[in-house]
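Worksheet: the structure to be examined is printed underneath.
The values are calculated or read from the model by the stated rules, or taken from the named source; none is laboratory data. None of these values were measured; they are calculated from a predicted model. All Cβ positions, even for glycine, are placed from backbone atoms using ideal geometry, and neighbour counts span all protein chains on display.
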């Protein structure tokens, strides 16, 4: 089966179309056969037979007397229409025929009805007389009518059978398949251990349902193993991170030369960033609880601190952050989630801006980060972004994980991430929080 682009094929419609096409083909065939059998009744062979019989009659006696049961009968009549046809045994309507050949259909039309018996007639002019030769084709006509009747009954029965098969397919195949599709749509990822019913009368549908249930079970086992591994790894990483953090605290209390403080601050920021990533991975690895609501988080108060945490990325460059908060905004999300999402936008802007200002703006539920960097080709960046999402952690590269986390965070909290850029004109990245339950008020 070949589907046109953008079109979906239905097995039920396909089978119905095939059956209807078969019925149409059968109707065409039987109709053609009926016309061909009618053509046999009006076949030119009757004219040839009558011409031969007329020639033989003219060569024999002047007035041949047909025998009872003869297929071909010949009468010689005067052109006087008052001739007594009863005495000759000739059907009365034949006496008025002009010279020429008349098929069974011609006689039916002339007699304003169906003649019985049915004849093919040849009238030959003999001066003041006419020779009328007629062949009785009643048996052939009755056989043709019987064949046509049988064909019509056969066609009607087949059409009834086709309609019954289509209805049976709808009841026995289409409805159960629809029920199976509805069952698959009702599967909720937030409710594990769900399975499709397998009580189907059709063995094929039962096999499909069992196969889907087996696949669901394998997927759940796989997800369970991944979550267990992620939880275990996160807990294992917490210990060395805590050790490093403690060591940094000890170093911070020591008298260090001024040149050692910037590396120490970068190490502190890296440890804090790694801690947030571990928290985010643990949070995102679990299914969201609809009955649980996170603590309120004031975005307008957190935003300046986030910007300050990323100012070290601008060291040595004539670039500065500009923060504009036009409203207070409260979200019900973990702080680590917002820090990772916003921090990724700030870090990308800082790394790609070499001169000018990075404007950070919060207004009408949308956080935007606009830089004056070189910009980029959006189509090329989109392809690169999708490739990173498909393979978020590549060997020797740490850029994919940030994009992966931002994407997952936006999906979890129904945020919208937008990127607008033109080469040499800078980039504007935005986080739209308006689908996330929140409370906001304008700042004066």
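Odds and ends about this structure:
- Test: residue in region 202-209 that is farther than 30 Å from residue 281 by Cβ and either touching a strand residue (DSSP E or B) at 6+ places or on another chain (Cβ under 7 Å) or not in a helix (DSSP H, G or I) (or both): yes
- The set of residues in region 200-231 being at pLDDT below 85 and touching a helix residue (DSSP H, G or I) at 6+ places or on another chain (Cβ under 8 Å) consists of 200, 201, 202, 205, 230, 231.
- Selection count, region 409-444, where residues are in a strand (DSSP E or B), at pLDDT 85 or above and either in the same structural domain as residue 284 (by TED's automatic domain parsing) or under 18 Å from residue 339 (Cα atoms) (or both): 7
- Residue selection: residue 121 satisfies the criterion of being in a strand (DSSP E or B) and either in contact with a strand residue (DSSP E or B) (Cβ under 8 Å, 6 or more places away or on another chain) or not assigned by TED's automatic domain parsing to the domain that holds residue 216 (or both).
- Matching residues in region 112-126 - criterion: being modelled with pLDDT under 80 and surrounded by fewer than 15 Cβ atoms within 10 Å (Cβ to Cβ): 112, 113, 114, 116, 117
- Candidate set from region 366-384 (those that are farther than 15 Å from residue 423 by Cα and at pLDDT below 90); member that is surrounded by the most Cβ atoms within 10 Å (Cβ to Cβ): 384
- Residues of region 31-56 that turn out to be closer than 24 Å to residue 161 by Cβ and modelled with pLDDT of 75 or more, as a count: 2
- For residue 144, the stated conditions hold: it is more than 27 Å from the chain's Cα centre (by Cα) and outside the structural domain of residue 203 (by TED's automatic domain parsing).
- Lone qualifier among 194, 186 - being free of Cβ contacts under 8 Å to residues at least 24 places away in the same chain, out of contact with any strand residue (DSSP E or B) (no Cβ under 9 Å at 6 or more places or on another chain) and exposed (fewer than 12 other Cβ atoms within 10 Å of the Cβ): 186
- The condition (being outside the structural domain of residue 15 (by TED's automatic domain parsing), modelled with pLDDT of 85 or more and either touching a helix residue (DSSP H, G or I) at 6+ places or on another chain (Cβ under 6 Å) or loosely packed, with under 10 Cβ neighbours inside 10 Å (or both)) is satisfied by just one residue among 245, 234: 245.
- Criterion: touching a helix residue (DSSP H, G or I) at 6+ places or on another chain (Cβ under 7 Å) and in the same structural domain as residue 277 (by TED's automatic domain parsing) - qualifying residue of 263, 240, 197: 197
- Looking across 173, 157, one residue alone is exposed (fewer than 12 other Cβ atoms within 10 Å of the Cβ) and either in the same structural domain as residue 51 (by TED's automatic domain parsing) or assigned to a strand (DSSP E or B) (or both). It is 157.
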